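Every read-out reported here was derived from the displayed coordinates using simple, explicitly stated rules and does not represent laboratory data. Here the structure is a predicted model, which is why all the values come from computation and not from measurement. Here the Cβ positions follow ideal geometry from the backbone for every residue, glycine too, while neighbour counts run over all protein chains shown.
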Amino acid sequence: MAKVNDIIFCLKANNLEGAGVSATNILTAINPEYVPGLFSFSIIVTFVDVDFSNEHSISVELLDPECESVLKAEGPIPVLEDKSNIPNEYKGLNMAMELNNVNFKR
């Protein structure tokens with residue numbers, strides 16, 4: 001079963017075909033540019049132990065401090081061609097999400 005291995009918050013994430021995912025300005029905290037303001041940031045998530053022979057779906061939900069949904073996104077992850085002999089527990093995929101103008105209510 002697929003597991004989340006790493007989560008990185010950054011100002012900008014790029015996912016270039018053939019080059020992989022890269023992070024610009026890794027964040028230790030998410031702060032708005034202006035007060036009051038909205039939050040813009042990127043998230044990179046690494047999944048391991050993925051069975052590449054099947055189609056998967058993903059659902060991402062961000063909650064505010066009162067546990068109310070701020071953002072929800074879901075969709076399919078297509079079947080990927082895998083020619084490696086690495087065991088599933090060590091191989092995976094990186095997913096980059098760019099989030100702009102997110103309103104975390106107080």
*If one computes P(r) from the Cα atoms of the chain, what percent of pairs lie at distances over 19 Å?*
52 percent
*Mind ordering 42-54, 80-92 by average Cβ neighbours within 10 Å, highest first?*
42-54, 80-92
*Could you put K12, K72 in order, starting from the residue whose Cβ has the fewest other Cβ atoms within 10 Å?*
K72, K12
